[in-house]
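Written out below as structure tokens is the structure these notes cover.
The values are calculated or read from the model by the stated rules, or taken from the named source; none is laboratory data. Only a predicted model underlies this, so the values are computations on that prediction, with no experimental measurement involved. We place every Cβ from the backbone using ideal geometry, glycine too, and count neighbours over all the protein chains shown. Surface accessibility is based on the protein's heavy atoms, side chains included, excluding ligands, DNA and RNA. Shrake-Rupley method; radii C 1.70, N 1.55, O 1.52, S 1.80 Å.
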Amino acid sequence: MQGDVYDKDKQTVCPECGSTELIGDYERAEVVCAHCGLVIDENLVDMGPEWRAFDHEQRDKRTRVGAPITYTIHDKGLSTMIDWRNKDIYGRDIPARNRAQWYRLRKWQRKIRISGATERNLAFALSELDRDSSRLGLPRSVREAASVVYRSAVDNKLIRGRSIEGVVAASLYAACRRCNVPRTLDEIAEVSRVTKKEVGRTYRFLTRELNIKLPPTSPVDYVPRFASELGLSGEAQSRAIEIIEKAMEKGLTSGRGPTGVAAAALYIASVLLGERKTQRDVADIAGVTEVTIRNRYKELTEQLEMGVTL
């Protein structure tokens, strides 16, 4: 594909001008300096497939490799599985006389995929993680990050004496913060089978033992999700972010819960732009009380000198 950054080891600097910005033009099989236009290398080998596909169905038929490695499956997706449909590779139905044999094969295939106690632990934990992630509507990247955190806990023998559900919930919370898709401890505890207190305690234990360093959650990270659930416009969302950034410059968010600050900023923005929402609506979405919103609202409007009335 034209415009890809060239990163081969053999040539990293343009011999003409010394620029390090080299572009791989794979349509012409050349490497070109983006600064002076010198052709540095040619006749590149195309590492892609030799076939072309014009839609998803053609791609599925012509591809000869499996899915990429994923940390969300206990064996990283490297093992095989027998499909539940009684059809062969050509799509024909398997004869009725062979179905009992296929049933036994499926059963043994499921058993041999899990070889020991560690894999059994991983299989249960990762299925639990997938369930919690689905209920929270988290993207694939967060699930992968959470799986990596849980695997690190297993490798460092941090699971002993703790519930699998608690470690899974704590891993998910850490992954959400790392990927800037924050969820509150209350939201994590609601979808998992553990209390908020246990999630917080396990999270602190994991961050200490695995040396995970995460910055404090910013109220700005919560604004897009809260605004979407409240049905506010993009303009209201931008105004709320401006309010939060001004408050952060003056140190008004220090020691305050990020969800409460985000909720108050959205409430102020909705009033300013005529998209007014009730404090109860905002509080329910943000998971805070109306009193918290009123307190943060008063602090922000007084300190930022915003002429807004309730």
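Here are ALA100, ALA67: which of them is loosely packed, with under 11 Cβ neighbours inside 10 Å, among the aliphatic types (A, V, I, L, M) and modelled with pLDDT of 80 or more?
Only one candidate passes the filter, namely ALA100.
Within segment 256-277, identify whether any single residue is in contact with a Phe, Trp or Tyr (Cβ under 7 Å, 6 or more places away or on another chain), hydroxyl-bearing (Ser, Thr, Tyr) and part of a helix (DSSP H, G or I), and answer yes or no.
Yes - at least one qualifying residue is present in segment 256-277.
Going through GLU302, GLU242 one at a time, which residue ends up being modelled with pLDDT of 90 or more and surrounded by fewer than 15 Cβ atoms within 10 Å (Cβ to Cβ)?
Testing whether each residue is modelled with pLDDT of 90 or more and surrounded by fewer than 15 Cβ atoms within 10 Å (Cβ to Cβ) leaves just GLU242.
For segment 180-190, what are the residues that are open to solvent by less than 30 Å² (accessible area, probe 1.4 Å) and free of Cβ contacts under 8 Å to residues at least 60 places away in the same chain?
Residues satisfying the conditions are ARG183, ILE188, ALA189.
For segment 81-138, how many residues are of a type in the set (Ser, Thr, Tyr) and either outside any helix (DSSP H, G or I) or touching a residue at least 12 places away in the same chain (Cβ under 8 Å) (or both)?
4
Within the set of pairs 6 or more residues apart or between chains, which connect a residue that is over 11 Å from PRO216 (Cβ atoms) inside segment 245-256 to a residue that is open to solvent by 90 Å² or more (accessible area, probe 1.4 Å) with Cβ atoms less than 7 Å apart?
LYS250/GLN303; LEU252/GLN303
One line per residue, one yes/no per condition, for (1) out of contact with any Cys (no Cβ under 8 Å at 6 or more places or on another chain); (2) surrounded by 13 or more Cβ atoms within 10 Å (Cβ to Cβ):
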site: ARG120; (1), (2): yes, no
site: LEU138; (1), (2): no, yes
site: SER141; (1), (2): no, no
site: VAL148; (1), (2): yes, yes
site: VAL154; (1), (2): yes, yes
site: SER163; (1), (2): yes, yes
site: ALA170; (1), (2): yes, yes
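What tally of residues in segment 250-293 results from selecting those that are open to solvent by 30 Å² or more (accessible area, probe 1.4 Å), among the hydrophobic types (A, V, I, L, M, F, W, C) and more than 17 Å from MET306 (Cβ to Cβ)?
Here the count works out to 3.
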